[in-house]
Structure formats: C-alpha cells, structure tokens
1. Can you give me the distance in nm between label points at B:GLU104 and A:ARG140, each placed 7 Å from the Cα along the Cα-to-Cβ direction?
2. May I ask you to compute the full-extension gain from B:SER123 to B:HIS80, defined as 0.36 nm times their residue separation minus their alpha-carbon distance, rounded to one decimal in nm?
3. So what's the convex hull volume per residue for the Cα atoms of segment A:51-150, in Å³?
4. Please report, in debye to the nearest 20, how large the charge dipole of segment B:14-116 is about its Cα centre when each Lys and Arg carries +1 at its beta carbon and each Asp and Glu carries -1 there.
5. Each label point is 7 Å from the Cα along the Cα-to-Cβ direction; what then is the distance between the points at B:GLN7 and A:MET88, in nm?
6. Calculate the mean, over all residues of peptide B:43-55, of how many other protein chain Cβ atoms lie within 10 angstrom of the residue's Cβ.
7. Peptide A:55-64: average number of partner chain Cβ atoms within 10 Å per residue?
8. Can you compute the FRET efficiency between B:GLU31 and A:ALA56 using 1/(1 + (r/R0)^6), with r the Cβ-Cβ distance and R0 = 30 Å? Round to the nearest 0.05.
Amino acid sequence: MASKFKYNGLLEVNVPLDPGTFLDGSIDWNDIWELGSNPVGRLALTAQLYRYVAPAAYKTECKAVRDLSYIPTSGSTWLTPLRCDSAMEAAKLLALPHVPGYRIGPVWSLDVAVDGVAARISPPRFGKTGGAWELTTTRRIPFGERHGLK
Amino acid sequence: MTASAVQIAWDRALPNLRAAVDQGLLSARVEFSSNVTVEEWIHGEPSLGVYWSVPSSRNWEDRWGRSISLLLVEVEGSWHLRMWGAKWFDDWSTHKRTVATVFEKQFDAPFLTDVTTATFLSSLVVEIKRAILEVEEARPTTGFQVVSLGDYGYRPRVEEQNLSISPAVDSEARSASNVPLDVGPPNRPVEHADLPLKNPDYKKDDRIVPQDDQETPLPESGPFSGTDGSGTLESTTTRSPVFGAHRTGHNSAWQSATSGVCRR
C-alpha cells in the first residue's frame with residue numbers, strides 16, 4: 001500500500017503507508033512503542049504471566065478443572081511476569097506464603113482482566129523480600145502449561 | 001482440622017485483626033495519605049498483609065516502606081500464627097531493593113478451637129498494635145537483604161538480551177553505609193531528571209536523522225540540480241538535505257508533508 005504526497009508543490013514521492021496508523025506527522029512513533037515510562041501499561045500489553053502454586057493447591061485445582069472445566073477461584077488469582085525455575089527463588093521474589101511446586105503458564109496478559117491488585121512490585125512479607133511484579137484477577141484465566149520447579 | 005474449618009475460623013478472626021490494624025495505624029500516627037494497603041488471603045493462604053508508606057515505582061519514590069504480615073501455618077499437626085515486620089527501600093536508579101526484617105514472632109493459634117477465642121484475639125490485637133508501632137519506629141542499620149527489582153515481563157530484542165536486567169537474587173549483603181537511613185520524609189525534592197520518563201534501554205535507531213545531515217551541501221549534480229526545481233528521486237543513494245539520509249519505515253518527508261494538514 002502506497003500513496004503519493006506532494007512536498008512543497010515540487011515533488012511527488014511514493015511513501016509506504018502503514019495501515020492502522022493515524023496520519024499525524026507530529027507523533028513520535030518511537031515513543032508510542034516505548035512505554036518505558038509506563039511499566040504497568042507495558043506489562044498489561046506485552047507481558048507473559050505465570051502462576052506459582054503449591055503442590056496441594058495444584059491437586060485441588062486439577063480436580064476442580066476436571067469437575068467444572070474451569071479454575072474456580074474464591075478470591076484472587078495471583079499472576080506475575082516473573083519466570084524462574086527455582087522454587088526458593090520464586091518464593092523469595094514473590095514473597096509467597098508457601099514454597100511453590102509448579103509454575104503454570106505462560107498466559108498472555110491481554111487475556112487477563114486485572115480487576116484486583118494492579119501491577120506492582122511485591123512488598124516484603126512472610127519474612128521474604130519480594131521484588132518481582134505481581135497482579136491479581138478475580139476473573140477466569142486461560143489454562144497454562146505446568147512446569148515442575150526445582 | 002480440615003481446610004474449610006481453618007478457612008471459617010480465619011474469616012471469623014479477620015474482622016478483629018482488621019480493627020486492630022486500624023487502631024495500630026492510628027496510634028502510630030500513620031497518615032491517611034501514606035498509601036496504606038491491607039490484604040487478606042494472600043496467594044490463597046490464611047494470611048493478612050498490611051503495607052504502608054509504600055514507595056511508588058512511578059515516581060521513583062525513595063522513602064522506606066513498612067510491612068506487617070501474618071500467616072496461619074500448620075506445623076506437625078498444630079496451628080500457629082506467625083507475624084513478620086519489615087521495612088524496605090527501593091533504589092530505582094540501581095534497581096535494587098534493601099529489606100530489613102524488624103521482627104518475627106510466632107503464637108499458638110487456639111482461636112481455631114473456639115475455646116479461648118475472645119481471650120486470644122484480644123491479646124493478638126495488642127500484639128498487632130505493638131508490632132505496627134515497632135515497625136514504624138524501627139531504624140534498621142544492619143541485617144539487610146538485597147535483591148534486584150524484577151522486570152515487568154518485557155522481553156528484550158535479541159540484540160538487547162545481554163543488556164537486560166534479570167531479577168536474579170543478589171546474594172551480596174549490602175553494607176550499612178550504602179543504605180540511606182530512614183530519617184522521615186525525603187529531604188531531597190524529586191528532580192525532573194529523576195523521573196523515569198525514558199526507558200534507559202531505549203536507543204535511537206537510524207531513522208532519526210543526525211544533525212550533521214542537515215548541513216550536507218547540495219551535490220552539484222543530482223536529483224535537485226534542475227533549475228526549475230522539479231527534480232526526481234531516481235537516485236536514492238544521494239544524500240538529500242531535504243529528506244535526510246536513507247530512511248526506512250515512516251519517512252519524515254511524509255510526516256512533514258502531512259503535518260500541516262492533519263492536526264489533532
């Protein structure tokens with residue numbers, strides 16, 4: 001797709017048009033995709049999210065999925081963009097109350113309605129440091145792959 | 001005791017604990033505007049988390065955050081209530097978090113059996129108030145844990161992989177001299193340069209015209225050599241003072257041509 005534009009009435013040049021962009025030359029498109037100054041917005045648009053669950057909770061969850069075909073959450077489902085293979089490291093960076101047995105995910109952040117805790121850095125709690133990003137949802141989320149943690 | 005019984009007992013205890021938190025924050029003179037957050041059932045566990053003076057990442061706030069957390073745990077068949085207090089400092093310029101655990105306590109949890117519920121909860125309320133005051137007044141100088149603050153799921157491009165910040169645990173203990181002490185509100189005003197307006201990973205690409213291109217003299221023979229100015233762009237390798245050097249994607253000629261027409 002291309003279009004001809006005149007410049008100063010002298011020239012006509014063929015310029016490829018990007019469909020879906022607004023024809024405003026004053027916009028710096030690099031800044032549109034930057035989002036570096038808005039980590040929460042960037043997370044909501046671009047992140048892959050994971051859950052870290054305890055083995056017992058995962059068994060209960062699997063039974064519920066078998067019976068109900070979805071994950072019933074009485075409260076909040078906690079998600080994070082943190083991806084790590086170590087159970088202890090996940091427990092420390094997410095300040096989990098338990099040592100997780102599995103990492104479930106990824107789930108694309110656009111498939112998650114964040115209606116609980118908005119994306120934030122997890123505060124220290126339960127004697128652990130926190131420091132990873134976390135958010136919660138009370139809505140249903142897609143299933144994810146299961147990875148055993150070391 | 002079954003999981004549902006624990007859930008019922010914890011839900012019964014929570015209103016008392018919330019009231020204790022409110023009174024504790026009031027007695028510690030924690031201001032309403034200090035970003036107080038109270039959470040229950042964190043990660044589905046019978047727990048309670050109270051955070052105040054939470055530093056916001058948006059403004060790179062450099063104050064110390066305060067945290068109280070309670071967790072009901074079962075150890076060898078008996079239930080206990082554990083309580084932690086912590087203060088932390090997020091350094092957004094180095095992406096490091098410094099955490100000091102102020103205290104860690106453990107109580108038996110007889111309120112699950114409905115026998116001494118009222119007595120235990122009343123004593124627990126006192127403990128929570130005392131804990132909040134203890135965290136508020138703590139001035140930690142030693143025993144810090146340091147971790148890297150995590151990224152937010154941004155997957156860098158291949159050429160940036162080596163530059164990305166990983167949330168790996170920093171095992172080095174930070175010396176107390178490097179940690180700014182909590183002496184109340186920050187005495188340094190937030191400067192404009194401190195605000196994270198730009199991603200530090202951001203690198204301008206070659207679509208941005210270098211300044212010296214604007215001063216490139218016209219070639220003596222080229223697409224603009226015609227006297228009537230009706231040159232053509234047959235030779236794309238010739239540097240033009242009007243369009244800059246070889247660009248791809250959004251052409252500034254197109255932007256310049258349309259900027260006078262399409263205004264928001």
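1. If labels sit at B:GLU104 and A:ARG140, their model points lie 4.1 nm apart.
2. So the extension gain works out to 14.0 nm.
3. 91 Å³
4. In debye, rounded to 20, segment B:14-116 gives about 440.
5. Simple spin-label model gives 3.2 nm for this pair.
6. Across B:43-55, the average partner-chain Cβ count within 10 Å equals 5.
7. 1
8. Calculated value: 0.15.
Each value in this text was obtained by applying a stated rule to the coordinates, not by laboratory testing. Treat the numbers as computed from the prediction; the structure is a model and nothing was measured. Note: ideal-geometry Cβ built from the backbone for every residue, glycine included; neighbour counts use all protein chains shown.
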